[in-house]
């Protein structure tokens, strides 16, 4: 039988509320080599920093929840006051690339440049040392893991190898999953691009409640990932508050930021949950 992950104070599960505060950066990365005239998605994404972020921060404050915001360096440069506000409310800030660049599309030097540049931006804005990382588009390479280790990054939160914290190449990994990501259910940008027909927010919340109960049964981590430009709309925020109300009634939850999760994982020495990333270069050679 698979041994359950041990949470502090004999809690049965953990809950981490996270936001990928991307704004328009993924759109700019995808279209970096193109001329573009349409501004529909670009403006839609700007809803995040213009209105959604304030609403989200108010909701978190109401329910006394400390979240983790993963922010590209470019977004911090464009919207510095929102970053300062997030920091002033004692939420954790983590790295999320510079321009939301996919690490499997760039080389090791470029990955390192994005991390160093972004760390410097956040240090100048908040005075805080950033210790967490979530890779844009949730892709990771061996080169990325090497850069994280030599960049004084405490943890990564991009992979899905367990549903509780584990080790990947001796780095604490805080796993995500698509089931608990808002874009799967809400993202709709029109124009014939990759899109989802928006779901009823209460149906999404009901699904997330069911996943929470499943994770609690197996001692897992409920790592919710949301994007301000997506989840900051009125009906979705009302539904999210319903979820917060539901979770806050459960005494078996350990609420934590990602940094707190990573520090606990390090201290608890649960080494049986240790994995190593495959050498993709060797795998590709063996296939050939």
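The values are calculated or read from the model by the stated rules, or taken from the named source; none is laboratory data. Predicted, not measured: the structure shown is a model, and the values here were computed from it. All Cβ positions, glycine included, derive from the backbone under ideal geometry; neighbour counts span all protein chains shown.
Only a single criterion out of (1) closer than 18 Å to residue 44 by Cβ; (2) in contact with a helix residue (DSSP H, G or I) (Cβ under 7 Å, 6 or more places away or on another chain) is not satisfied by residue 156, namely (1). Scanning segment 85-106 for residues that are in a helix (DSSP H, G or I) and out of contact with any strand residue (DSSP E or B) (no Cβ under 9 Å at 6 or more places or on another chain) yields 85, 88, 103, 104, 105. The condition (being assigned to a helix (DSSP H, G or I), more than 15 Å from the chain's Cα centre (by Cα) and crowded, with 24+ Cβ neighbours inside 10 Å) is satisfied by just one residue among 52, 109, 14: 52. Note on segment 263-276: residues that are touching a strand residue (DSSP E or B) at 6+ places or on another chain (Cβ under 6 Å) and either under 17 Å from residue 12 (Cα atoms) or part of a loop (DSSP other than H, G, I, E, B) (or both) total 2. Whether a residue is surrounded by 14 or more Cβ atoms within 10 Å (Cβ to Cβ) and touching a helix residue (DSSP H, G or I) at 6+ places or on another chain (Cβ under 7 Å) was assessed, and residue 74 passes this test. The single condition from (1) assigned to a helix (DSSP H, G or I); (2) modelled with pLDDT of 95 or more that residue 137 fails is (2).
For segment 31-49, the set of residues classified as surrounded by fewer than 19 Cβ atoms within 10 Å (Cβ to Cβ) and closer than 30 Å to residue 222 by Cα consists of 44, 46, 47, listed by residue number.
Please tell me if residue 168 is modelled with pLDDT of 95 or more, over 12 Å from the mean Cα position of the chain (by Cα) and under 17 Å from residue 278 (Cα atoms). So residue 168 fits the description; yes. Here is the figure for segment 25-45: residues that are part of a loop (DSSP other than H, G, I, E, B), in contact (Cβ under 8 Å) with a residue 24 or more places away in the chain and closer than 29 Å to residue 94 by Cβ total 1. Filtering segment 203-256 to residues that are surrounded by fewer than 21 Cβ atoms within 10 Å (Cβ to Cβ) and outside any helix (DSSP H, G or I) leaves 218, 219, 233, 249, 250, 251, 252, 253, 254, 255. For segment 56-71, the set of residues classified as surrounded by 15 or more Cβ atoms within 10 Å (Cβ to Cβ) and out of contact with any helix residue (DSSP H, G or I) (no Cβ under 7 Å at 6 or more places or on another chain) consists of 60, 66, 70, listed by residue number.
A single member of 186, 155 is modelled with pLDDT under 95 and surrounded by 19 or more Cβ atoms within 10 Å (Cβ to Cβ), and it is 186. Taken together, 130, 121 contain a single residue that is within 29 Å of residue 82 (Cα to Cα) and not in a loop (DSSP other than H, G, I, E, B), which is 121. If you go through segment 158-194 and keep only what is part of a loop (DSSP other than H, G, I, E, B) and farther than 18 Å from residue 271 by Cα, you end up with 158, 176, 177, 182, 187, 188, 189, 190, 191, 192, 193, 194.
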